[in-house]
Amino acid sequence: MQIQKSFKGQSPYGKLYLVATPIGNLDDMTFRAIQTLKEVDWIAAEDTRNTGLLLKHFEISTKQISFHEHNAKEKIPDLIELLKQGQNLAQVSDAGLPSISDPGHDLVKAAIEEDIAVVTVPGASAGISALIASGLAPQPHTFLWFLTTKIWPTKAIFRSEKSLSRNSDFL
């Protein structure tokens, strides 16, 4: 693990911004997220059609690049090259924080390996939003991943992670 120096010193490289997008309600978009999306050179979007609607709503004209689980291996070297050329890139998911359930994690790892600054622009998080609205105690909690709606695979996941659970009687 290395300490990010996102806000210190000058780098010839661009910055990778991880920008949270609203989960269903466009009014949840932050001012900083809108400004960031307007100022970067490129937006790497999970689905350019969905992101296009968001950009249109906020009158953002930044160019998009399609970046999703099916093209990530081919796109990551191209995105890193843009950053190394000094261009700034924002990565967005269809809803919520990038890197939770999309290939953003691999992009972040590649950027860090190249000493490219990674900056988060926080906002909506589906997991945390669901947790605080559930009535369950929010501390401690563990996020494993987004689970399937099928009961047997879900039970198998919890059984494999049983050591993380304080109350696993339901398994």
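The values are calculated or read from the model by the stated rules, or taken from the named source; none is laboratory data. Computed from a prediction, not measured in an experiment: that's the story for all the values here. Note: areas computed on protein heavy atoms with side chains; ligands, DNA, RNA excluded. Shrake-Rupley method; radii C 1.70, N 1.55, O 1.52, S 1.80 Å.
Values computed for the structure shown
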| item | result |
| --- | --- |
| Computed accessible area, Leu131, all protein chains, 1.4 angstrom probe, square angstrom | 30 |
| Too-long pairs where the Cα-Cα distance tops 21 Å, listed order kept, from Lys15/Lys75; Lys15/Lys56; Lys73/Lys109; Lys56/Lys109 | Lys15/Lys56; Lys56/Lys109 |
